[in-house]
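**Q** Here's a structure for you.
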Amino acid sequence: MSNYDVIIIGAGYAGSVMAEQYARDGKRVLILEKKSHIGGNAYDYMDMNHIRIHEYGPHLFHTNFKEVVDYLSQFTEWYPYEHRVKGLINDKFVPIPFNLTSIEELFDEDKANELKEELVKEYGMEKKVPILELRKSTNKEVKDLAEFIFEKVFKYYTMKQWDYTIEELSTTVTDRVPVFVSYDDRYFQDTYQCMPKEGFTRMFEKMLASSNIEVRLNTEALNVMKFDFKNHKIFFEGEEFKGKVIYTGLADYLCGYKYGKLEYRSLWFDQKEYEGTYQTAVTCNYPTPKEIHPFTRITEYKLMMEDKENPRTTIHVEYPYRYDENAEKGNIPYYTVFTEENKARYEKYVEELKVFSNLILLGRLAEFKYYNMDAIVLAALDKYNELKKD
Ligand code: UDP
């Protein structure tokens with residue numbers, strides 16, 4: 001018999017929150033992690049210049065759920081941080097999400113006043129309007145503005161990011177960054193916006209510090225486990241494992257890609273160092289055609305740190321790729337691609353995996369969902385409470 005009560009595959013948010021909860025309850029937990037570190041894609045580290053780099057791209061913590069802040073506060077202290085983004089439109093960097101200031105910076109005064117007035121009349125101040133909704137406006141001024149924003153902010157960025165047109169993707173993708181009838185230029189308006197004082201990795205280390213938790217890094221789950229679809233049994237190191245198995249990886253991989261591959265998007269970061277400061281916002285978006293800028297955004301990490309004073313700087317130039325585990329660039333899955341075809345294929349895998357009564361799929365990859373960090377913490381806590389009732 002194995003020594004463990006629970007096996008968790010993946011040490012990102014989903015896996016780590018579950019591990020922490022089970023361990024707190026006295027259960028012995030084994031985490032199998034393919035990467036050489038914990039924290040999933042939220043992993044960060046200090047570079048040679050004392051700048052905290054998010055290895056897998058910028059992770060900004062924001063939430064309206066007090067319970068998520070309370071939960072994570074057991075493992076970290078925070079510093080206040082509100083993310084701001086600028087986007088390159090007509091050779092100017094203006095606030096993104098597109099807002100009233102963006103209008104002022106792009107149009108002459110009379111035109112800007114007219115546009116702002118129409119927007120406020122139509123939607124009211126402090127209202128968020130998804131671009132696809134704005135495009136449906138019957139007001140000519142607003143409709144023209146919507147087409148301008150669609151073209152200048154969303155069309156090419158989305159093509160670069162997803163390799164699909166906006167029409168082919170679920171509306172939930174662009175709904176994340178609605179046009180904001182406001183002068184509030186923050187990227188998020190959540191009640192709680194902060195960053196872990198010593199970084200995300202340290203927070204994960206504390207989450208997984210219990211002696212009830214064993215983490216095996218550099219371990220491909222399918223090298224030590226076997227999913228026997230015929231007999232509906234899961235094996236660990238040759239023996240049947242009857243405890244709960246929490247799987248946070250790719251569903252198609254677990255099923256041997258039986259119904260074809262699910263599509264995931266990947267990223268690759270060109271990391272560069274300079275003297276001084278590189279740009280005027282922590283993140284600058286390039287919603288321009290691929291032929292002009294082949295990347296989507298540039299993030300300057302020192303500007304999101306508590307102490308921004310540093311003579312040097314490190315940036316990430318972000319290039320989207322189609323996920324392919326064998327590729328040199330783009331071999332880490334980041335985002336699920338929300339087309340109807342992918343969603344239908346995913347459902348087939350879920351059906352296939354239902355034969356394992358002790359298997360739970362959780363997280364951005366396994367559930368084929370666009371979870372933010374707070375949402376997956378909450379989902380994992382909920383899942384744990386649900387399972388406890390069994
Ligand atoms: N988006 C865009 N232009 C922008 C910012 C966002 O077209 O300047 C669209 C794009 O499709 C992107 C989605 O909105 O994938 C969600 O943006 P978000 O910043 O939330 O993406 P994430 O940070 O999750 O990559």
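**Q** Checking Glu167 against (1) among the charged types (D, E, K, R); (2) within 13 Å of the ligand (Cβ to nearest atom); (3) within 30 Å of His37 (Cα to Cα): exactly one of these is not met. Which one?
**A** Evaluating Glu167 over (1) among the charged types (D, E, K, R); (2) within 13 Å of the ligand (Cβ to nearest atom); (3) within 30 Å of His37 (Cα to Cα) leaves (3) as the failure.
Condition check ((1) away from the ligand (no atom under 16 Å from the Cβ); (2) among the acidic types (Asp, Glu); (3) in contact with a Pro (Cβ under 9 Å, 6 or more places away or on another chain)) across all residues:
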position	(1), (2), (3)
Glu275	yes, yes, yes
Cys284	no, no, no
Ile292	no, no, no
Asn310	yes, no, no
Tyr319	no, no, yes
Lys354	yes, no, no
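**Q** Here is a follow-up. Residues to consider are Arg322, Arg265; find the one that is of a type in the set (Lys, Arg), surrounded by 18 or more Cβ atoms within 10 Å (Cβ to Cβ) and within 18 Å of the chain's Cα centre (by Cα).
**A** Arg265
**Q** Condition first: surrounded by 18 or more Cβ atoms within 10 Å (Cβ to Cβ) and either within 15 Å of the ligand (Cβ to nearest atom) or of a type in the set (Gly, Ala, Ser) (or both). Now tell me which residues in region 370-390 satisfy that.
**A** Tyr371, Asn372, Met373, Asp374, Ile376, Ala379, Ala380
**Q** How do the pairs read when you match residues in region 355-380 that are within 11 Å of Gly15 (Cα to Cα) with residues anywhere that are of a type in the set (Lys, Arg) and not in a loop (DSSP other than H, G, I, E, B), using Cβ under 6 Å and keeping only pairs 6 or more apart or on different chains?
**A** If the second residue must be of a type in the set (Lys, Arg) and not in a loop (DSSP other than H, G, I, E, B), the pairs left are Leu362/Lys383.
**Q** Could you list, in sequence order, all residues of region 294-308 that are buried (at least 20 other Cβ atoms within 10 Å of the Cβ) and within 13 Å of the ligand (Cβ to nearest atom)?
**A** If the condition is that a residue be buried (at least 20 other Cβ atoms within 10 Å of the Cβ) and within 13 Å of the ligand (Cβ to nearest atom), then Thr296, Arg297, Ile298, Thr299 are the ones that fit.
**Q** For region 272-373, list the strands (runs of 3 or more DSSP E) that sit wholly inside it and hold at least 3 residues that are within 22 Å of Tyr164 (Cβ to Cβ) and modelled with pLDDT of 95 or more; which are they?
**A** 312-322
**Q** Any chance you could count how many residues in region 226-235 are out of contact with any Leu (no Cβ under 8 Å at 6 or more places or on another chain) and outside any loop (DSSP other than H, G, I, E, B)?
**A** Counting residues in region 226-235 that are out of contact with any Leu (no Cβ under 8 Å at 6 or more places or on another chain) and outside any loop (DSSP other than H, G, I, E, B) gives 4.
**Q** Please find, among Phe229, Phe204, Phe200, the residue that is in contact with a Gly (Cβ under 8 Å, 6 or more places away or on another chain) and either more than 26 Å from Arg28 (Cβ to Cβ) or within 16 Å of the ligand (Cβ to nearest atom) (or both).
**A** Selected residue: Phe200, the only one of Phe229, Phe204, Phe200 that is in contact with a Gly (Cβ under 8 Å, 6 or more places away or on another chain) and either more than 26 Å from Arg28 (Cβ to Cβ) or within 16 Å of the ligand (Cβ to nearest atom) (or both).
**Q** Hey, Tyr259 hits all of (1) closer than 24 Å to Met373 by Cα; (2) aromatic (Phe, Trp, Tyr); (3) in a loop (DSSP other than H, G, I, E, B) but one; which does it fall short on?
**A** (1)
**Q** Now, a different point. For Gly243, state whether it is over 30 Å from Asn49 (Cα atoms) and either within 16 Å of the ligand (Cβ to nearest atom) or in contact with a strand residue (DSSP E or B) (Cβ under 6 Å, 6 or more places away or on another chain) (or both).
**A** Spelling it out, Gly243 is indeed over 30 Å from Asn49 (Cα atoms) and either within 16 Å of the ligand (Cβ to nearest atom) or in contact with a strand residue (DSSP E or B) (Cβ under 6 Å, 6 or more places away or on another chain) (or both).
**Q** A further question follows. Please give the number of the condition Gly87 fails out of (1) small (Gly, Ala, Ser); (2) in contact (Cβ under 8 Å) with a residue 12 or more places away in the chain; (3) surrounded by fewer than 20 Cβ atoms within 10 Å (Cβ to Cβ).
**A** It is condition (3) that Gly87 fails.
**Q** Moving on to the next point. Can you pull out the strands (runs of 3 or more DSSP E) entirely within region 162-225 that have at least 2 residues that are under 30 Å from Glu306 (Cβ atoms)?
**A** Here the list reads 192-196, 213-216.
The values are calculated or read from the model by the stated rules, or taken from the named source; none is laboratory data. Since this is a predicted model, take the numbers as computed values, not measurements. Glycine gets a Cβ as well: all are built from the backbone with ideal geometry, and neighbour counts include every protein chain shown.
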